[in-house]
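Presented below is the structure to which this report refers.
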Amino acid sequence: MKQEHLLIGEITKPQGIRGEVKVRHYTDDPERFYDLEEALMPAGNGFAPIKVLGARVNGDDVYLQLEGVDDRNEAEKLRGVKLYVDRAHARELPEDEVFIADILGLPAFDTKGNPIGKLTDVLTPGGVDVFVFQTPKGTLMTPGLKDVLLEVNVDEGRIVLNEDRLAEVSLYQ
């Protein structure tokens, strides 16, 4: 199911004394923050916009300067705050990719139509993503290989897995 707001990061701590914050990014391209002009922060039952005045990336670390956050004390108040963008401001994905937020909770089936479970997480350790499903047998972890995940269909709300390959490459916990 397509989400209206997409999680892009979480403020982890202040950086320095001028209000800059360090952000744990939830994107495969931290450099996307260079183009970010505005982010959304949870506020009440909705979201409030906050302008991004500057961004820098150092390796895998992202640092942002946000409007109205001018010192370390103000930055400290933002520790743990999640940052979002609305779908209109999300980056364009290649045709064969989807946002993780759009597939979490989707049911998975084998090629014969038998239910397997529900997608609860996608781990991105680097290299191949690991898809985590909650099943009647327990937690199933499987690599996101094309010959394992035969179909990831957001519009129809389903994931189709190759049951033969699951036995070879998956792990139950």
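The values are calculated or read from the model by the stated rules, or taken from the named source; none is laboratory data. If you're wondering where the values come from, they're calculated on a predicted model, not measured in any experiment. Positions of Cβ are backbone-derived with ideal geometry, glycine not excepted, and every protein chain shown enters the neighbour counts. Surface accessibility is based on the protein's heavy atoms, side chains included, excluding ligands, DNA and RNA. Shrake-Rupley method; radii C 1.70, N 1.55, O 1.52, S 1.80 Å.
If I go through the stretch 32-61 residue by residue, how many of them are open to solvent by 100 Å² or more (accessible area, probe 1.4 Å) and under 26 Å from residue 98 (Cβ atoms)?
4
Could you list, in sequence order, the residues of the stretch 125-150 that are open to solvent by 50 Å² or more (accessible area, probe 1.4 Å), free of Cβ contacts under 8 Å to residues at least 24 places away in the same chain and either outside any strand (DSSP E or B) or in contact with a Phe, Trp or Tyr (Cβ under 9 Å, 6 or more places away or on another chain) (or both)? Step through it out loud before you land on a result.
Step one: filter the stretch 125-150 for residues open to solvent by 50 Å² or more (accessible area, probe 1.4 Å), giving 125-129, 134, 136-137, 145-147, 150.
The next check asks that each one be free of Cβ contacts under 8 Å to residues at least 24 places away in the same chain; those that pass are 125-129, 134, 136, 146-147.
Selection gives 125, 126, 127, 128, 129, 136, 146, 147.
Six or more apart or on different chains, Cβ under 6 Å: which pairs go from a residue in the stretch 39-65 that's of a type in the set (Lys, Arg) to one that's not in a strand (DSSP E or B)? Could you list them?
51/67
I'd like to check something: does the stretch 22-31 contain any residue that is open to solvent by 100 Å² or more (accessible area, probe 1.4 Å), among the aliphatic types (A, V, I, L, M) and part of a strand (DSSP E or B)?
No, every residue in the stretch 22-31 fails to be open to solvent by 100 Å² or more (accessible area, probe 1.4 Å), among the aliphatic types (A, V, I, L, M) and part of a strand (DSSP E or B).
Go through the residues of the stretch 79-91 one by one and say whether even a single one is at pLDDT 95 or above and either loosely packed, with under 13 Cβ neighbours inside 10 Å or in contact with a helix residue (DSSP H, G or I) (Cβ under 7 Å, 6 or more places away or on another chain) (or both).
yes
Can you name every residue in the stretch 80-99 that is farther than 21 Å from residue 49 by Cα and touching a residue at least 24 places away in the same chain (Cβ under 8 Å)?
Across the stretch 80-99, the qualifying residues are 98, 99.
What number goes with the only condition from (1) open to solvent by 50 Å² or more (accessible area, probe 1.4 Å); (2) within 23 Å of residue 71 (Cβ to Cβ); (3) not aliphatic (A, V, I, L, M); (4) not in a strand (DSSP E or B) that residue 2 does not pass?
Just one mismatch for residue 2, condition (2).
Give the residues of the stretch 102-113 that are more than 19 Å from the chain's Cα centre (by Cα), in contact (Cβ under 8 Å) with a residue 12 or more places away in the chain and either open to solvent by 70 Å² or more (accessible area, probe 1.4 Å) or farther than 18 Å from residue 172 by Cα (or both), sorted by residue number.
111, 112 - these are the residues of the stretch 102-113 that are more than 19 Å from the chain's Cα centre (by Cα), in contact (Cβ under 8 Å) with a residue 12 or more places away in the chain and either open to solvent by 70 Å² or more (accessible area, probe 1.4 Å) or farther than 18 Å from residue 172 by Cα (or both).
Assuming residue 64 fulfils every condition listed in (1) touching a Gly at 6+ places or on another chain (Cβ under 9 Å); (2) over 17 Å from residue 24 (Cα atoms); (3) surrounded by 15 or more Cβ atoms within 10 Å (Cβ to Cβ) apart from one, which condition is it?
Condition (2) is where residue 64 drops out.
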